[in-house]
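Here is the structure we will look at.
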Amino acid sequence: MEDRTRRVVTTLVAFGALFVMMVHYGAVAAEPGHDPNMAAHRALESPDQHVGENLYMWTVVATDTPNGFVVKAGGHRYAVSGTDATPSPGDAIQMVGNLRDGNTIVADRVVVSPRPALQYLYAISIGGLLVTVVVFVRRWRFDRATFTVRPRGDE
Amino acid sequence: MTDLLTHVLFVYTGMTVASWRYPRLRLFVPISMIGAVIPDLSKARIIIPAGVIETALGLPFSWTAIHRLGGTLAVLALVATFFPKRLRSRVFGALLFGASTAYLLDAGLIRANGVTPPYLYPIAWMPLPTAGLYLSSESWPALVSGSVAAAVWTINRVYVED
């Protein structure tokens, strides 16, 4: 098989496989036993049907209260209690807890990522991308004639 | 996710040190760094939310599949097709090494439930244990990886490449 044809076929197969997985994951990941974070967010869309269930989820703190804090998930707001964690509004949290009723979660464990730390994460990650680009373009170049990436000096 | 700077510096360090023994690896150091970035392409959801694509396509959709075994391998294969045939298998190997280190570092994250997301999808939904060493938002992993990478870069520049 000519290399150009091989490249086209590989691209189509790989992209097709990726697309199928992205659709499939979106369709089934929220089912019980699959992706716990997505399952928790799906459950919290209909809290009355999932009272008593244990959840693991990532979410963002909406407000803090004297007894805990409030998060938004599944289109609803939930008061979180049972934890010593004191996150601020805008902080990201990971939480393992139990859905006590239609609007209350009793937390077993809360891990807080403060908002400034998240901003640091995104900023330094952009730095990582820039470092990668700089290191890459020092040794490789894009050859338009063959539509391939080649080592510099490789004519 | 561990921050991307830690990801790429970790693999830069490993590949550069390996190139001292196997000089042919030197060309593929940046390729492995790209491999380390690929799983976190799932963060594209920050720019284009999955809901936007679901509405446009009329299908369920999740960027998260990129940060899973099957999605990552598909993206690696896509990237490798852009390289000449004579280099393609080595490029794929370098990309795979980079992506593997990314998953390794992500397994060191602190998770409230003590396990990773289902990284083995589509083979299995089974989570894997995490080491619980750091949060992705902590700065010390980047400081450590940056310090080590700087030392390796200096040694490479002064003693190896010259």
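The values are calculated or read from the model by the stated rules, or taken from the named source; none is laboratory data. Just so it is clear, the structure is predicted and the values come from calculations on it, not from any experiment. Note that we place each Cβ from the backbone using ideal geometry, even for glycine, and neighbour counts take in every protein chain shown. Surface areas here come from the heavy atoms of the whole protein model, side chains and all, with no ligands, DNA or RNA. Shrake-Rupley method; radii C 1.70, N 1.55, O 1.52, S 1.80 Å.
Restricting to segment B:117-162, name every residue that is touching a Ser or Thr at 6+ places or on another chain (Cβ under 7 Å) and over 18 Å from B:Leu4 (Cβ atoms).
If the condition is that a residue be touching a Ser or Thr at 6+ places or on another chain (Cβ under 7 Å) and over 18 Å from B:Leu4 (Cβ atoms), then B:Pro127, B:Leu128, B:Thr130, B:Val152, B:Asn156 are the ones that fit.
State whether the residues of segment A:9-24 include one that is within 27 Å of B:Leu41 (Cα to Cα) and more than 13 Å from every other protein chain (Cβ to nearest Cβ). Spell out how you get there, then give the answer.
We begin by selecting, within segment A:9-24, every residue within 27 Å of B:Leu41 (Cα to Cα); these are A:9-24.
If we keep only those that are more than 13 Å from every other protein chain (Cβ to nearest Cβ) as well, we get none.
Within segment A:9-24 (the criterion being within 27 Å of B:Leu41 (Cα to Cα) and more than 13 Å from every other protein chain (Cβ to nearest Cβ)), the answer is no, since none of the residues qualifies.
I need the strands (runs of 3 or more DSSP E) fully contained in segment A:58-155, keeping only those with at least 1 residues that are within 25 Å of B:Gly132 (Cβ to Cβ). Can you show your working first?
Details: elements: A:68-73, A:76-81, A:92-101, A:104-113, A:140-143, A:148-151.
Counting at least 1 such residues, we get A:68-73, A:76-81, A:92-101, A:104-113.
Is there a residue being at the interface with chain A (Cβ under 10 Å from one of its Cβ atoms), touching a residue at least 12 places away in the same chain (Cβ under 8 Å) and either open to solvent by 30 Å² or more (accessible area, probe 1.4 Å) or in contact with a Ser or Thr (Cβ under 8 Å, 6 or more places away or on another chain) (or both) anywhere in segment B:99-108?
No: zero hits.
Scan segment B:140-162 and report the pairs whose first residue is in contact (Cβ under 8 Å) with a residue 40 or more places away in the chain and whose second residue is part of a helix (DSSP H, G or I) and open to solvent by 50 Å² or more (accessible area, probe 1.4 Å), with Cβ atoms within less than 6 Å and a gap of 6+ or a chain change.
B:Ser145/B:Phe10; B:Val160/B:Trp20
Given A:Asp91, A:Asp143, A:Asp108, which one is within 14 Å of chain B (Cβ to nearest Cβ), more than 30 Å from A:Arg7 (Cα to Cα) and open to solvent by less than 40 Å² (accessible area, probe 1.4 Å)? Please lay out each step first, then the result.
Numbers: A:Asp143 fails: more than 30 Å from A:Arg7 (Cα to Cα); A:Asp108 fails: open to solvent by less than 40 Å² (accessible area, probe 1.4 Å).
Only one candidate passes the filter, namely A:Asp91.
B:Ile155 fails exactly one of the following numbered conditions: (1) within 13 Å of chain A (Cβ to nearest Cβ); (2) surrounded by fewer than 19 Cβ atoms within 10 Å (Cβ to Cβ); (3) not small (Gly, Ala, Ser). What is the number of that condition?
(1) is the only condition that B:Ile155 fails.
Just one of (1) of a type outside the set (Lys, Arg); (2) open to solvent by 40 Å² or more (accessible area, probe 1.4 Å); (3) in contact (Cβ under 8 Å) with a residue 24 or more places away in the chain trips up B:Val8, so point out which.
B:Val8 satisfies every listed condition except (2).
On the basis of being out of contact with any Ser or Thr (no Cβ under 8 Å at 6 or more places or on another chain) and open to solvent by 30 Å² or more (accessible area, probe 1.4 Å), does B:Val79 make the cut? Steps first, please.
Working: out of contact with any Ser or Thr (no Cβ under 8 Å at 6 or more places or on another chain): yes; open to solvent by 30 Å² or more (accessible area, probe 1.4 Å): yes.
Yes, satisfied.
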